Every structure is written in C-alpha cells, then in structure tokens.
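Inspection log for the structure reproduced underneath, given as structure tokens.
The values are calculated or read from the model by the stated rules, or taken from the named source; none is laboratory data. Treat the numbers as computed from the prediction; the structure is a model and nothing was measured. Note that we place each Cβ from the backbone using ideal geometry, even for glycine, and neighbour counts take in every protein chain shown. We work out accessible area using only protein heavy atoms, side chains counted, and drop any ligands, DNA or RNA first. Shrake-Rupley method; radii C 1.70, N 1.55, O 1.52, S 1.80 Å.
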Amino acid sequence: MKVEINETIFDTFPELESERLLYKAYKKEDAKTLLNMRSHKAVSKYMDTTIPKRVEDTEKRIEGYQNAFNENKGITWAIIEKISNHLIGDFGIWRIDRQNCRGEIGYILHPDFWKKGYMTEAMNTLIRYGFNELNLHSYEANVNINNENSKALLLKFGFKLEAHFRENFYYDGQFLDSEIYCLIKSDIT
C-alpha cells in the first residue's frame, strides 16, 4: 500500500468554512491583529518562542507562513469569525514529514474568544482536512507541559501522549520539558 501526501492542495491555498468560522490565508494587513494575539500575555505564556514586539515582527511571521505554503512545507490558516469578520486565531500544519505522512500542528486563539467552542470547531474542521485532503496518517503536537488548556483540547480529540521529554528545549535562559501528543487517522475514523 503506497501512501503519500496530496501535493495538489498546494496548488491554491485551501480556503475552508465551518458553521461559525472561515479559514483563509494570512494577508500582510493582518500583521497588527496577529501582533495583538501573539503578544497577549495569556496567549504567549506557553508559546516558548520570541514574543513579537512590533508589527514588523508579525509581518515577517506572515511572510514565513506564505513562504511555507509556496514551498509546499506547511499551511497556516487565519481563523475568521463569520459574524464579525474578525481574525480571532490561527491553526497551522507544518513540518510535514512526507515519508511518514505526518504533520505537526500548532494553534492560537485570542482570549476574548476562549470558552466559546471556536477552537473545538476549528480543530474538527482542520484535523479532518489534513487526514482526508492532505492525506496525513498522523499529527503531532509539541506542548509546554504546563499548558493544561492545550493538553485538554488535544485529549478531547483523541490525541495520545506519546512522549515526555525532559529539558529538551532551551528557551529564555532555561531548559524546558515538553510533551508530544499524537493522533492517528484511524483514531477518529
């Protein structure tokens, strides 16, 4: 049985829709909103990455998302609330491992939209897209061990804890532990 990534999804950015949300490519003009999200203390608390300080920082990030898609390396969707037409978060599949049909996911949601089921709706739409259209076999998520909300979301979708790495990630002057969660297509079909 030959399994491979469906490369045709990289021909045109796949805009998607669910009940309350739209999923689109980031545009340069989204940089200020992305800055506000990624620099929000509640969002950045567990990101373990450089927190953007200027619009130019998030413009570069958006350019990176666009380049990753154009180079067939990953997809990051801006999550838009339909009713307000506001950018409220994002969801990405990157580090696509073609040999093993596996992709790493990451996601953020502005705290004003927490506890409303938006990330559950987004995960349901985008995880299925990755399995059914991109033809992934599995997902992985690398999580800060103190991010209980993210871990609860992953477990809700059937992700399993695959590994706990001790002090494997150096950030901000200290070594941090991380946990890897995995979801296999057969876990949800």
Exercise. In the stretch 19-121, which GluC sites (Glu not before Pro) fall in coil by DSSP and have 12 or fewer other Cβ atoms within 10 Å?
Worked result: GLU19, GLU71
Problem set entry | Chain lengthening between LYS28 and PHE13 when straightened (0.36 nm per residue, less Cα-Cα) | 3.9 nm
Exercise. How big is D for the stretch 42-175, in µm² s⁻¹ as a whole number, if Stokes-Einstein is applied with the Kirkwood radius of its Cα pairs at 25 °C and 0.890 mPa s?
Worked result: 152 µm²/s
Problem set entry | For the chain, built as a Gaussian network whose Cα springs stay under 10 Å, the top-fluctuating residue of ILE108, ILE93, ILE145 | ILE145
Exercise. Accessible area per residue, 1.4 Å probe, Å², for the chain: what's the number?
Worked result: 56 Å²
For this session: Would you mind calculating the gained length between LYS160 and ASP172 on full extension (0.36 nm times residue separation, minus the Cα-Cα distance), in nm to one decimal?
Result: 1.5 nm
Problem set entry | Carbon + sulfur, % of accessible area of the stretch 85-130 - ligands and nucleic acids excluded, 1.4 Å | 48 percent
For this session: For the stretch 122-151, state which GluC sites (Glu not before Pro) are in a DSSP loop and have at most 12 other beta carbons lying within 10 Å of their beta carbon.
Result: none
Seminar exercise, completed: Counting every C-alpha pair in the stretch 73-125, the percent lying more than 18 Å apart is 35 percent
Exercise. Residue by residue, what Karplus-based ³J(HN,Hα) values in Hz, rounded to whole numbers, does the stretch 85-99 have, using 6.51, -1.76 and 1.60 with θ = phi - 60° and x for Gly and Pro?
Worked result: 6, 9, 6, 10, x, 8, 9, x, 10, 9, 6, 6, 8, 5, 4
For this session: Would you mind checking the pairs LYS24/LYS115; LYS28/LYS156; LYS24/LYS156; LYS41/LYS116; LYS53/LYS185 and listing those with alpha carbons more than 30 angstrom apart?
Result: LYS28/LYS156; LYS53/LYS185
Exercise. For the stretch 2-109, max minus min Cα coordinate along each principal axis, in Å, sorted largest first?
Worked result: 45, 32, 22
Exercise. For the stretch 121-189, what class follows from the C-alpha gyration tensor (a ≥ b ≥ c being the square roots of its eigenvalues): rounded when a/c is under 1.5, otherwise prolate if a/b is larger than b/c, else oblate?
Worked result: prolate
Exercise. In µm²/s, what is D for the stretch 116-156 at 25 °C and 0.890 mPa s, where D = kT/(6 pi eta Rh) by Stokes-Einstein and Rh is the Kirkwood radius from Cα pairs?
Worked result: 217 µm²/s
Seminar exercise, completed: Mean-square fluctuation maximum in Gaussian network of the chain, Cα pairs under 10 Å, restricted to LEU155, LEU87, LEU126, hits LEU155
Exercise. Where in the stretch 38-90 are there trypsin sites (Lys or Arg not before Pro) that are in a DSSP coil and have at most 16 other Cβ atoms within 10 angstrom of their Cβ?
Worked result: LYS45, LYS53, ARG54, LYS73, LYS82
